[in-house]
Amino acid sequence: VAAAARLRLFAGDAALAPIMKQEIFSKKSPFAPLNQRQRSAKEIVSPRAWDCIVIGGGPAGLAAGIYLARMGFRTLLTEAKDLGGQARQLGRIENYPGFHNGVSGKTLTDRLIKQGQRWGLEIRRAKITRLNRRKNLLFASTKTSQEPTKSIIISIGAAFKKLGLPQENRFSNKGLFY
């Protein structure tokens, strides 16, 4: 999570960019991707440990996964339901940066997924049921597997609050909007 926070600063603060770039890409930096820094014997805990697991596949989780994968971090994104979260179900999103004419939720989600995969983001449909810590690793567990990782970003999103009206689901996005 600390690495992700530093990446967010690097991506979002132009004044810090030269400092952060030097720190992130320094081979001694703990925030440098593993393939760019020397590993100490203490760090080598599991050859298959992820640098980060992102829990949640909505726009925020996908964006976090994209930034991490682009910086060279070995990143796994898990989503229990449909990628894109509630944004994928929206007919039109008018306030997303970079789309001055708006964009459908499906199109936005598809572009985020494609961009993440381009940078090596691994995406799996899985529900994380438990998080554990053992020694210097975290473990994200599903019903069938346990994935070791050095950090976790939880981006599980939100859901629309239903009104409880009869036939509400039938009219959702067909005149009834949240």
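Among the residues of the range 50-78, count how many are among the charged types (D, E, K, R) and open to solvent by 30 Å² or more (accessible area, probe 1.4 Å). Working first, answer last.
Of the residues in the range 50-78, the ones among the charged types (D, E, K, R) are 51, 70, 74.
Checking which are open to solvent by 30 Å² or more (accessible area, probe 1.4 Å) leaves us with 70, 74.
Residues in the range 50-78 being among the charged types (D, E, K, R) and open to solvent by 30 Å² or more (accessible area, probe 1.4 Å): 2 in total.
When the residues of the range 141-154 are filtered to those that are more than 14 Å from the chain's Cα centre (by Cα) and closer than 13 Å to Ala80 by Cα, which remaining residue is most open to solvent (accessible area, probe 1.4 Å)?
Here the answer is Lys143.
For the range 131-178, give me each residue that is more than 23 Å from Leu62 (Cβ to Cβ), charged (D, E, K, R) and in a strand (DSSP E or B).
Once the filter is applied, which keeps residues that are more than 23 Å from Leu62 (Cβ to Cβ), charged (D, E, K, R) and in a strand (DSSP E or B), the range 131-178 yields Arg133, Arg134.
Kindly check whether there is at least one residue in the range 110-129 that is touching a Leu at 6+ places or on another chain (Cβ under 7 Å) and in a loop (DSSP other than H, G, I, E, B).
Taking the range 110-129 first, the residues touching a Leu at 6+ places or on another chain (Cβ under 7 Å) are 112-113, 116, 121-124.
Next, only the ones that are in a loop (DSSP other than H, G, I, E, B) stay: 121.
Taking every residue of the range 110-129 in turn, at least one turns out to be touching a Leu at 6+ places or on another chain (Cβ under 7 Å) and in a loop (DSSP other than H, G, I, E, B).
Return the pair list, or none, for Cβ contacts closer than 6 Å from residues in the range 144-159 that are of a type in the set (Asp, Glu) to residues that are open to solvent by 70 Å² or more (accessible area, probe 1.4 Å) and at pLDDT 95 or above, at least 6 apart or on different chains.
Close Cβ pairs (under 6 Å, with a partner that is open to solvent by 70 Å² or more (accessible area, probe 1.4 Å) and at pLDDT 95 or above) do not exist here.
Keeping to the range 79-106, report how many residues are on the phi > 0 side of the Ramachandran plot and buried (at least 16 other Cβ atoms within 10 Å of the Cβ). So that I can check it myself, show each step before the final result.
So in the range 79-106, the residues on the phi > 0 side of the Ramachandran plot come out as 84-85, 98, 102.
Now drop any that are not buried (at least 16 other Cβ atoms within 10 Å of the Cβ), which leaves 84-85.
The qualifying residues number 2.
Taking only the range 75-89 into account, find how many residues are in a strand (DSSP E or B) and farther than 9 Å from Gly58 by Cα. Before the answer, list the steps.
Initially, the range 75-89 is screened for residues in a strand (DSSP E or B), giving 75-79.
Next, only the ones that are farther than 9 Å from Gly58 by Cα stay: 75-78.
Going through the range 75-89 one residue at a time, the tally reaches 4.
Going through the range 155-178 one residue at a time, which ones are among the polar types (S, T, N, Q) and within 27 Å of the chain's Cα centre (by Cα)? Write out each step before concluding.
If we filter the range 155-178 for residues that are among the polar types (S, T, N, Q), which is where we start, we get 155, 167, 169, 172-173.
Residues satisfying the conditions are Ser155, Asn173.
Here are the criteria: (1) over 17 Å from Ala80 (Cα atoms); (2) more than 17 Å from the chain's Cα centre (by Cα). Tell me which single one Arg118 does not satisfy.
Only one criterion in (1) over 17 Å from Ala80 (Cα atoms); (2) more than 17 Å from the chain's Cα centre (by Cα) is unmet by Arg118, namely (2).
The values are calculated or read from the model by the stated rules, or taken from the named source; none is laboratory data. As the structure is a computational prediction, the values presented were derived from the model and not from experiment. Glycine gets a Cβ as well: all are built from the backbone with ideal geometry, and neighbour counts include every protein chain shown. Calculation scope for accessible area: heavy atoms of the full protein, side chains included, ligands and nucleic acids excluded. Shrake-Rupley method; radii C 1.70, N 1.55, O 1.52, S 1.80 Å.
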